[in-house]
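Following: one structure in structure tokens, then a few remarks.
The values are calculated or read from the model by the stated rules, or taken from the named source; none is laboratory data. For clarity, every value in this text was computed on a predicted model and none was experimentally measured. With ideal geometry, Cβ positions are generated from the backbone for all residues, glycine too; neighbour counts draw on all protein chains shown. The protein model used for the area step is the full one, side chains on, heavy atoms only, and it has no ligands, DNA or RNA in it. Shrake-Rupley method; radii C 1.70, N 1.55, O 1.52, S 1.80 Å.
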Amino acid sequence: MRLLLVEDDVELANGLASSLAQAGYEADIAHDGRAAMAACADAGYSLIILDRGLPDMAGLEALRRLRLGAVKTPVLILTARDETQDRVAGLDMGGDDYLAKPFVVAELEARIRALLRRGEPVGATLSFGLVH
């Protein structure tokens with residue numbers, strides 16, 4: 001699985017990429033919002049891990065632009081901002097999950113697995129009713 005990790009803290013990004021590699025994921029790193037948007041335009045990712053605090057634009061602004069650009073890739077917001085209103089704003093902006101720093105890598109990996117299990121809709125229709 002190929003992931004995009006959007007994190008401006010180089011040390012944290014490299015450490016997370018290494019941990020994710022050990023868990024079987026290939027993680028590309030973008031250190032700002034513009035690089036993230038360019039990466040999403042050029043490659044298909046199974047999941048995006050997005051920091052809210054980026055140097056060139058707010059992470060939620062990057063997320064808003066990705067969603068306006070029809071990027072439907074699941075986004076896990078990973079940030080130090082952990083107030084209720086921050087979590088609500090992140091989810092309302094189009095995030096699929098929200099994890100506050102500091103975090104335990106095992107929980108991050110579990111959340112990634114949960115988001116990836118959802119997958120893309122396969123187009124099947126389920127209906128209920130009486131058949132005559």
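Just the number please: accessible area per residue for the chain, 1.4 Å probe, all protein chains included, in Å².
Values: 7590 Å² over 132 residues.
It amounts to 58 Å² per residue over the chain.
Shape analysis of the chain yields a ratio of the Cα radius of gyration to the Kirkwood radius, Rg/Rh, of 1.04.
So for each of 48-59, 17-28 I average, over its residues, the number of other beta carbons within 10 Å; can you give me the resulting order with the highest mean first? If you can, show how the numbers build up before the last one.
Values: 48-59: 20.1, 17-28: 15.1.
Descending mean neighbour count gives 48-59, 17-28.
Applied to the stretch 72-86, the Karplus parametrisation 6.51 cos²θ - 1.76 cosθ + 1.60 on θ = phi - 60° returns per-residue 3J(HN,Hα) values of 9, 4, x, 10, 9, 7, 10, 7, 7, 7, 10, 6, 3, 5, 5 Hz, with x for Gly and Pro. Using only the alpha-carbon atoms, how far is helix 59-68 inclined from the longest principal axis of the chain? Give it as 0 to 90 degrees, nearest 10. Roughly 40 degrees, rounded to the nearest 10. The Cα atoms of the stretch 26-81 give a gyration tensor whose axes a ≥ b ≥ c have a/c under 1.5, which makes the shape rounded.
So, with a 1.4 angstrom probe, what is the percent of accessible area on the stretch 36-122 that is carbon and sulfur?
Details: 2430 of 4560 Å².
Summing carbon and sulfur atoms, their accessible area is 53 percent of the total for the stretch 36-122.
Of the DSSP beta bridges with both residues in the chain, give the percent that are antiparallel, rounding to the nearest 5.
Once the DSSP bridges in the chain are tallied, antiparallel ones form about 5 percent.
From helices alone, the chain scores -13000 deg cm²/dmol at 222 nm; the rule is -39500 (n - 2.57) for each run of n ≥ 4 DSSP H residues, then divide by the residue total.
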